[in-house]
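The values are calculated or read from the model by the stated rules, or taken from the named source; none is laboratory data. The structure displayed is predicted, hence computed values, not measured ones. Cβ sites come from the backbone with ideal geometry, for glycine too, and all protein chains shown count toward neighbours. Heads up: the accessible areas ignore ligands, DNA and RNA and are worked out on the full protein's heavy atoms, side chains in. Shrake-Rupley method; radii C 1.70, N 1.55, O 1.52, S 1.80 Å.
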There are 2 protein chains.
Amino acid sequence: MQNGLRLKEAYVLRLSHRPSRDKRVTTHVALVARAFGAKGVFIEGEDTHLIDSIKKATEVWGGSSYFKVETISDGKSLVSQWRNKGGITIHLTMYGINVCEKIKELSSFEVPLLIIVGSEKVDSWYYHNVDFNLAIGNQPHSEIAALAIFLDRLYKGLELHYIFEDSKLRVIPQEAGKKVVKNG
Amino acid sequence: MQNGLRLKEAYVLRLSHRPSRDKRVTTHVALVARAFGAKGVFIEGEDTHLIDSIKKATEVWGGSSYFKVETISDGKSLVSQWRNKGGITIHLTMYGINVCEKIKELSSFEVPLLIIVGSEKVDSWYYHNVDFNLAIGNQPHSEIAALAIFLDRLYKGLELHYIFEDSKLRVIPQEAGKKVVKNG
């Protein structure tokens, strides 16, 4: 994540990943995390195949020098540790406070943010043990969409202009068709 | 979609849906379409179970009076018909022109928009037979995220404040925990 823009440090925690059920959705979560400027993703569960595929995407499209992707066994421990170290934890949920009301406050923090996205059902512990429960609209939709909009608000749209300078491939935007070139 | 805000008419076309592989991702696409202000979604493929579950969500959370959800057999025919009737077609792809460069032009159109999102591989026909190929960043990520950001740009963030007045349930935003009330 380069070209002179310095990003607030944000990581993503994906809860309750089950390989058979969640493979594609969790892949989308991880790819959005990387493409929208986060520094890494923690996946609660076991899935070496998924980790490998995200790492491969990062090697090809850039970010492998800093983007962390790893599985963890217990999301609650990570949240507690994050807060104990002074970081801020944000759970994205349709039941929370509208993101618009809090984004200014969040933008003022200089500590690492942990953005938590659940799967179908999130343990109530999270609602009471994070710093913020925030809604990307109070409607049912998608943790992938919620994460994308949250990072877009946090980074004010700049994330769509970042250049991953360590990428092997680079897209040259086209009105029609595809053009991809090798870097270097 | 009420509370006094009038939205530009936009529909979503989801290409190449296969029930076993795409169930969850296409569900997210459809829920994002509804929650972010689109008027309906066309799903290329067959999946009555998926259609039923989206209709059920619309009955509970609102929008059933206008939100169209249906399967179609051929996305190309829909695109051709849309253009023949004077509508505008927009394919979201990482190979396209950055959305920021075109959103002002798109916002000026007074005709219905059809926003096309693919699955893993999109037939090259679409790249050459739509009005716009637009990228939500030229990085690989997610058609769900791409759709959400596109609608957010089109509706300037207002979509997160819409009230679905025909909903049976309504979320009361909370700092912690969940509060849902019945309407009426």
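Over the protein assembly as shown, the reciprocal of the mean inverse Cα-Cα separation, the Kirkwood hydrodynamic radius, stands at 20.8 Å.
Per-residue surface analysis assigns B:Ile163 an accessible area of about 80 Å², computed on protein heavy atoms at 1.4 Å probe radius. Per residue, the convex hull spanned by the Cα atoms of segment A:18-101 measures out at 125 cubic angstrom. Starting from the label point of B:Asn98 at 7 Å along Cα→Cβ, the same points in the other copies fall at 2.9 nm, in ascending order. For segment A:80-134, a Kirkwood radius taken over Cα pairs fed into Stokes-Einstein (25 °C, viscosity 0.890 mPa s) yields D = 210 µm²/s.
Based on alpha carbons, the Rg and Dmax found for segment B:53-93 are 13.5, 35 Å. Helix B:75-84 and the long axis of chain B differ in direction by around 80°, with both axes built from C-alpha atoms.
Between chains B and A, what is the buried accessible area in Å², counting both sides, with a 1.4 Å probe and ligands, DNA and RNA left out, to the nearest 100?
4500 Å²
Distances between copies at A:Val60, taken between label points 7 Å from Cα along the C-beta direction, are 3.7 nm in increasing order. In a DSSP loop and with at most 14 other Cβ atoms within 10 Å, the chymotrypsin sites (Phe, Trp or Tyr not before Pro) in segment B:28-87 are B:Tyr66.
A cut-off under 10 angstrom between Cβ atoms defines the neighbours of A:Arg14, and their net charge, with Lys, Arg +1 and Asp, Glu -1, is -3. Solvent-accessible area of B:His17, all protein chains in place: 10 Å² (probe radius 1.4 Å, heavy atoms, ligands and nucleic acids excluded). Among the lysines, select those whose C-alpha is under 23 Å from the C-alpha of A:Lys178, and discard any that sit fewer than 8 residues away in the same chain. Cross-link targets: A:Lys56, A:Lys168, B:Lys76, B:Lys102, B:Lys121.
In Å², and per residue, what accessible area does chain B have when probed at 1.4 Å with the other protein chains present?
Using a 1.4 Å probe on heavy atoms only, each residue of chain B averages 43 Å².
Going through segment A:1-85, which trypsin sites (Lys or Arg not before Pro) have at most 16 other Cβ atoms within 10 Å and a DSSP loop state?
Within segment A:1-85, the qualifying trypsin sites (Lys or Arg not before Pro) (loop, at most 16 other Cβ atoms within 10 Å) are A:Arg6, A:Lys85.
Under a model in which nothing but the beta-carbon of Lys, Arg (+1) and Asp, Glu (-1) is charged, chain A shows a dipole of about 440 debye around its Cα centre.
The DSSP beta bridges internal to the protein assembly as shown are antiparallel in roughly 10% of cases.
Taking 0.36 nm per residue of separation and subtracting the Cα-Cα distance, full extension of the segment from B:Lys178 to B:Lys55 would add 41.9 nm. Note on chain A: dipole from Cβ charges, positive end direction compared against A:Gly63, A:Thr26, A:Leu13; the farthest Cα belongs to A:Gly63. The solvent-accessible area of A:Glu165, taken with every protein chain present and a 1.4 Å probe, is close to 110 Å².
Chain A holds its axis-closest Cβ, relative to the rotation onto B, at the residue and whole-Å distance A:Ile144, 2. Positive contributions from Lys and Arg (+1) and negative ones from Asp and Glu (-1), summed over other residues with Cβ under 13 Å from the Cβ of B:Lys102, come out at -2. Take each residue in B:82-94, count the other chain C-beta atoms within 10 Å of its C-beta, and the mean is 1. Percent of alpha carbon pairs in segment A:10-182 separated by more than 20 Å? When every Cα pair of segment A:10-182 is considered, 53 percent fall beyond 20 Å.
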